[in-house]
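Structure first, commentary second.
The values are calculated or read from the model by the stated rules, or taken from the named source; none is laboratory data. From a predicted model like this one, the values you see are computed outputs, not experimental measurements. Don't worry about glycine lacking a Cβ; one is built from the backbone with ideal geometry, like all the others, and counts go over all protein chains shown.
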Amino acid sequence: MPDIVLNDLTKIYKDVPALDSISMEVADGEFMVLVGHSGCGKTTLLRLLSGLIQPDRGSIRIAGNDVTCVKAEKRDVVLVFQESLLFPHLTVEDNIAFGLKMQGCSQKKRKQKAQELLKLMQLPDIGRRYPAQLSGGQQQRVALARALALEPKVMLLDEPLANLDPRLRDDLRELIVKLHKKFRMTTIMVTHDQNEAMVMADRIAVLMDGKLLQIDKPYDIYNKPTSRDVAALFGQCNFITGYLEDGVFDTNGYRFTVSALKKPGRVEACIRTEHIKLVRPEKNMPTGVVEDKKYVGGQSLFKVNIGSLSILAKANNFDFYTGMKVGLRIDWSQVFFSSLESGK
Amino acid sequence: MLMSNVFYKLIVVCMVIVFVLPFLVLLVWSFSQSWPSNALFPNELGLRGWTYIFSPHSKVLSSLGLSLLISLLVTGIAMLICIPAGKALGIYDFAGKNIVEILVLAPIIIPTITVGMGIHIVFIKYGLADTVVGVILIQLTVVLPYGIRIFASIYKALGTKWEEQAKVLKADFWQSFRYVTLPFLYPGIVSAGILMFNVSFSQYFLTFLIGGGKVVTLPVLLFPFVNSGDRVVASGLSLIFILSSLVLMIIIEKTVSNRVEQTEFYYL
């Protein structure tokens, strides 16, 4: 059963649509991640959902109720900002219990809840400290606890990991996933880090220039992108233009037999670096010279020159070296073609 | 290290000379009977000045009371106006914002005499001249620009993010002001309060003009003594003047800053 239903949601800033007719559904208890470049409207969407701003068009339904015009303080939605924004004049405990205090909970109940959440955040002993005395990672955890204290039906996270260094980021990421499993509240997180999105999401929604490009499971986003932009956003791609007809891709003097079912016409092939295998040169195979080699973790990224083209491919570190002649074996079943014909 | 120590001590000594010495001179003046201009020290000490000041017919205590009342009311009312006005100028964009900003500052840019003369005629028309209410109103116009400036810059630095955070945590308008915004404003309340109180407390010209000599505040009482050369009484009055505003400043500072547990939080 869908928990959040957005219909034709549009927000216009100074004549430019920040969000352009977004329609989507988020299921109850789902972990949805919004991905896109900065300025694509991710944060605007979260602010609309939280009720801080009102849409120019369209509607938001949460748990069956139309909340489009309901104020932020009346919605069962909590937004955690990118900055932790802990109130500096309140102790950690009072910060966590802030929402409960606003709802008129008793002092005893507030304290108990704060303690409980601090334990859950693995920060049991900092209740009496002030936010200025905490590290960045601790602050972000307290901000999460403060949001959880209200036990919201919907949790919105606006790049909660963006300001942390890599190790803390991994820890907090694990913690967020764990908390989501425990409480099962519908969660929408914004990030510009595709890896983060891949690891955490039940489903990923890709936004670009205020438009929803694709919404799918991480596996499908990666392996079955519906547009060039989505393909380019996740993983590293080689883009090669050519002509596709009857299962033959014609480019730069090479003809490849491919299984793609597309109308004949000019296309752009998106070939991921890991779908190209570097081998010893054989007949009927594009060959080139390794121009550059960069270590990236366990593997190396090779730049191979074939005529006028430069192709990036991943392979084991020591099998090839700069200046070596290599052949490329491309796994065409994994290649994504997008049409370049106008009016597609 | 030693050099900088000497340097700091020198600064302290200079401060003492600049701020405390005039005080001492006033103190000695107020306790002297006669002090000819060619003498380094007064010939004769006495309590003439202080006896006069504390005698009921001099009206010093009643005018001190009136001065405090007017200045506290002015500061209080100004505070209620400054905070929302500062928020409007600091955060929101609206048509004619620049003009409003200039108008708000006008009373301290344009000479007080111009402001006072213009308003005087209007006040006479509405029966506000020669009244305490009139004096409070005219002092408000002089005092407001300072407060509005201070709160506008605080609100500009704060932005809307804290209020939004409070809202998201289910605080309504007043709760968000009371529990989130107000603590950020405390330092501003201290400085704006002290500034506005002192501007109002030492206001002579406008009080005299609008009060028409009938609203006798401490500066209005003090001026004739300075003018007529009765230095003994004038010095005593000046001391009372300084001490009362000093005591008030300390009270404001203490009561308000106690609420802000985090001193490093005074960054605004």
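Values for this structure:
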item: Residues of the stretch B:9-28 satisfying the condition of being within 18 Å of B:Ser235 (Cα to Cα) and hydrophobic (A, V, I, L, M, F, W, C); result: B:Val18, B:Phe19, B:Val20, B:Leu21, B:Phe23, B:Leu24, B:Val25, B:Leu26, B:Leu27, B:Val28
item: Flag for B:Thr51 being outside the structural domain of B:Ser244 (by TED's automatic domain parsing) and either without any contact (Cβ under 8 Å) to a residue 60 or more places away in the chain or not small (Gly, Ala, Ser) (or both); result: yes
item: Given (1) more than 10 Å from every other protein chain (Cβ to nearest Cβ); (2) surrounded by fewer than 22 Cβ atoms within 10 Å (Cβ to Cβ); (3) in a helix (DSSP H, G or I), index of the condition B:Val143 fails; result: (2)
item: Options B:Asp130, B:Asp93; residue that is farther than 21 Å from B:Phe208 by Cβ, more than 19 Å from the chain's Cα centre (by Cα) and not hydroxyl-bearing (Ser, Thr, Tyr); result: B:Asp93
item: Any chance B:Thr207 is at pLDDT 90 or above, of a type in the set (Val, Ile, Thr) and surrounded by fewer than 22 Cβ atoms within 10 Å (Cβ to Cβ); result: no
item: Only one of B:Phe41, B:Phe7 that is of a type in the set (Phe, Trp, Tyr) and outside any helix (DSSP H, G or I); result: B:Phe41
item: Candidate set: the stretch A:116-171, residues that are under 11 Å from A:Val92 (Cα atoms), within 14 Å of another protein chain (Cβ to nearest Cβ) and assigned to a loop (DSSP other than H, G, I, E, B); chosen: the one nearest to the chain's Cα centre (by Cα); result: A:Leu134
item: Filter pass, B:Val220 being surrounded by 21 or more Cβ atoms within 10 Å (Cβ to Cβ), more than 14 Å from every other protein chain (Cβ to nearest Cβ) and outside any helix (DSSP H, G or I); result: no
item: Hey, A:Val289 aliphatic (A, V, I, L, M) and modelled with pLDDT under 80 or not; result: no
item: Residue selected from the stretch B:158-204 under the condition part of a loop (DSSP other than H, G, I, E, B) and within 11 Å of another protein chain (Cβ to nearest Cβ), by the criterion surrounded by the most Cβ atoms within 10 Å (Cβ to Cβ); result: B:Leu169
item: Residue ID - farthest from the chain's Cα centre (by Cα), chosen from residues in the stretch A:288-298 that are outside any loop (DSSP other than H, G, I, E, B) and surrounded by fewer than 16 Cβ atoms within 10 Å (Cβ to Cβ); result: A:Val289
item: Single condition A:Lys263 does not satisfy, out of (1) surrounded by fewer than 17 Cβ atoms within 10 Å (Cβ to Cβ); (2) assigned to a strand (DSSP E or B); result: (2)
item: Count of the stretch A:204-236 residues which are assigned to a strand (DSSP E or B) and modelled with pLDDT under 85; result: 0
item: Within the stretch B:52-69, considering residues that are within 18 Å of B:Gln33 (Cβ to Cβ) and surrounded by 12 or more Cβ atoms within 10 Å (Cβ to Cβ), the one farthest from the chain's Cα centre (by Cα); result: B:Tyr52
item: Counted residues, the stretch A:320-344 - those being of a type outside the set (Lys, Arg), in contact (Cβ under 8 Å) with a residue 40 or more places away in the chain and exposed (fewer than 13 other Cβ atoms within 10 Å of the Cβ); result: 3
item: Residue match in the stretch A:308-317 (condition: hydroxyl-bearing (Ser, Thr, Tyr), assigned to a loop (DSSP other than H, G, I, E, B) and farther than 21 Å from A:Phe336 by Cβ); result: yes
item: Yes/no for B:Met3 being of a type outside the set (S, T, N, Q) and under 22 Å from the mean Cα position of the chain (by Cα); result: no
item: Cβ-Cβ under 8 Å pairs, at least 6 apart or on other chains, the stretch B:173-184 side assigned by TED's automatic domain parsing to the domain that holds B:Ile154, far side surrounded by 19 or more Cβ atoms within 10 Å (Cβ to Cβ) and among the β-branched types (Val, Ile, Thr); result: B:Phe184/B:Ile154
item: Number of the exception - A:Ser21 against (1) part of a strand (DSSP E or B); (2) on the phi < 0 side of the Ramachandran plot; (3) in contact (Cβ under 8 Å) with a residue 24 or more places away in the chain; result: (2)
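Residues are listed down the side, and each one gets a yes or a no for (1) closer than 18 Å to A:Gln82 by Cβ; (2) in contact with a Gly (Cβ under 8 Å, 6 or more places away or on another chain); (3) surrounded by fewer than 20 Cβ atoms within 10 Å (Cβ to Cβ); (4) not polar (S, T, N, Q):
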{"position": "A:Ala149", "(1), (2), (3), (4)": "no, yes, no, yes"}
{"position": "A:Lys182", "(1), (2), (3), (4)": "no, no, yes, yes"}
{"position": "A:Thr186", "(1), (2), (3), (4)": "no, yes, no, no"}
{"position": "A:Met198", "(1), (2), (3), (4)": "no, no, yes, yes"}
{"position": "A:Leu207", "(1), (2), (3), (4)": "yes, yes, no, yes"}
{"position": "A:Gly210", "(1), (2), (3), (4)": "no, yes, no, yes"}
